[in-house]
Amino acid sequence: MSPRIRQGHSFLERRLFAVNDRYEQINEYINAMLKPRPDKVKKLEAYAKEHHVPIMEEAGIEVLLQMLSIQQAKNILEIGAAIGYSAIRMALELPDANIYTIERDDKRYEEAVNNIKDFEMENRIHVMHGDALELSESVRVTAPYDAIFIDAAKGQYTNFFELYEPMLAPDGVIFTDNVLFKGLVAQNHSDIEPKRRRKLVEKIDQYNQWLMNRPDYQTVILPVGDGIAISKKKR
């Protein structure tokens, strides 16, 4: 029995702890079988971990890369560059693709630019500096996009989707990361502390419900990494 599962917890809490433990075990099992990554990529991952920069979990980004490869995406928009990790992984996997990525934070923008230069990918990864909610006209210049990847401020997911989905190519796909948020979306929200985290979980849950019920999109949520939503426009 997990050390987190104690007699003081309710039956529902014990079940949730057990499910989360099994979920972590499955992710560890998958991660152990993933193909080796280049040393430069591992170095970037180590930097992100040391400096608490949120990047995609191992299994999650492998699923994203596989889907983009199957799709043969050539023009990709990423909302939320952070230090450029996901954009670099996409460029390595898809040698014919161009990636346009947005980052609001000054420090992370500079880090993303430097990391992309270090990988010699300045000609394929284009970083835009600013708030994604204010850059739509600049982003529209290089539309349509075969894939749009949403991985920025979680409380703005719905706004990002609504703003940029008109720029999606007819057979394009929108990917959203962190839609399960450590499994918290499946728990009783009133039990989540602190209040700020509870509000964020509620917003993610609302986004998931809104996304799954959109009549013009077909969406599935995959429980890999921190949860990935895959949305394709209906014909």
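Descriptive notes on the structure:
- Among the residues of the stretch 181-233, the one identified as in a helix (DSSP H, G or I), more than 24 Å from E165 (Cα to Cα) and among the polar types (S, T, N, Q) is S190.
- Filtered residues of the stretch 106-119 (kept if under 15 Å from D131 (Cα atoms) and within 17 Å of the chain's Cα centre (by Cα)): R108
- Within the stretch 161-180, the set of residues being assigned to a strand (DSSP E or B) and surrounded by fewer than 16 Cβ atoms within 10 Å (Cβ to Cβ) comprises P170, D171.
- Filter pass, T158 being surrounded by fewer than 17 Cβ atoms within 10 Å (Cβ to Cβ), farther than 18 Å from N98 by Cβ and β-branched (V, I, T): yes
- Selection within the stretch 144-163: residues that are small (G, A, S) and in contact (Cβ under 8 Å) with a residue 60 or more places away in the chain. The member of this set that is farthest from I88 (Cα to Cα) is A153.
- Scanning the stretch 96-103 turns up one or more residues that are within 19 Å of L65 (Cβ to Cβ), surrounded by 15 or more Cβ atoms within 10 Å (Cβ to Cβ) and among the hydrophobic types (A, V, I, L, M, F, W, C).
- Residue under evaluation K74, criteria (1) crowded, with 19+ Cβ neighbours inside 10 Å; (2) at pLDDT 95 or above, criterion not met: (1)
The values are calculated or read from the model by the stated rules, or taken from the named source; none is laboratory data. Remember, it's a predicted structure, so these values are computed and weren't measured experimentally. So basically every Cβ, Gly included, is an ideal-geometry build from the backbone, and we count neighbours across all protein chains shown.
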